[in-house]
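Worksheet: the structure to be examined is printed underneath.
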């Protein structure tokens, strides 16, 4: 009985607190345009559905801070009552409000708002066009792709870069050739976002564009080109990748990794050179990489790491020698057992038995 009474009292207190919050909503909305704006946003979130009608009214406020915050909160609330008012806000005279309305509508996932957001991608203001493109990606509707592709030719780099990213999210395969055209854009960020959006879909025209991009002045684009080609399983970029690994010190390790991934034996001396550097922080990974190329001449190089101070590196060397599986590898494992400890030593002993029994 006591528990029931306490529950009723708690429920009553909660209702009183909720009623108090409802009565505070008008004042909180006014605060959206003041230095207390962030605090008001937090309080209005707690008011949930009760705040929606007044937030809808606030969309018509002359104060940009108030109506933008109201639009933001309506998007978070995802209340269908807000769809038509937000559609009307897409015609607001202030660019900040039009952009906010597009973003809020994307969170409501009402397809009747899709066409209006598409039109905003051709707005006179750069900010509205860019944020409307981002909003289109949230709808995840392929019918928006033609509008996004059109934006790839926008006069401003920010919009072109945003459009490239959204193409990748909506349908990178269908927009791959348009994205490839952006790989020669004058803006490095545009080229980077276009590169990031290009899918690893085997297409001769895409391969040609990616091979050219290996010579880009921006490292992000160069790395994106050789990575995407390797993801395709294409060897069209091998020579360009080898050139990066041997002529650009800043690109050497990444380009070498891609060469190894494609099984190019020219990576062997390159990896060996990397491992010759004192205590390379990723030496365990490069030891594995060297063994993956299945070159018998690498056994001695890998065996040196059986005495490495790092147990992780030792374990990498043990497993790598086991993968190579030659009699020379077994000899090195045996002669270095006393340098190994714990699980690494047990693993080496197991591999020796396995290889000798084979």
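For the reader, a short list of remarks on this structure follows.
- Options 198, 173: the member that is free of Cβ contacts under 8 Å to residues at least 40 places away in the same chain, out of contact with any helix residue (DSSP H, G or I) (no Cβ under 8 Å at 6 or more places or on another chain) and closer than 30 Å to residue 123 by Cβ: 173
- Looking only at the range 172-184, residues that are crowded, with 16+ Cβ neighbours inside 10 Å and assigned to a helix (DSSP H, G or I) come to 6 in all.
- Matching residues, the range 234-267, being in a helix (DSSP H, G or I), closer than 22 Å to residue 305 by Cα and over 25 Å from the mean Cα position of the chain (by Cα): 267
- Residue in the range 287-295 that is surrounded by fewer than 14 Cβ atoms within 10 Å (Cβ to Cβ) and either closer than 23 Å to residue 222 by Cα or out of contact with any helix residue (DSSP H, G or I) (no Cβ under 9 Å at 6 or more places or on another chain) (or both) present: no
- The set of residues in the range 138-157 that are surrounded by 16 or more Cβ atoms within 10 Å (Cβ to Cβ), at pLDDT 95 or above and assigned to a helix (DSSP H, G or I) comprises 144, 145, 147, 148, 149, 151, 157.
The values are calculated or read from the model by the stated rules, or taken from the named source; none is laboratory data. Nothing here was measured: the structure is a model prediction, and the numbers come from that model. Positions of Cβ are generated from backbone atoms using ideal geometry, with glycine treated the same way; all protein chains shown enter the neighbour counts.
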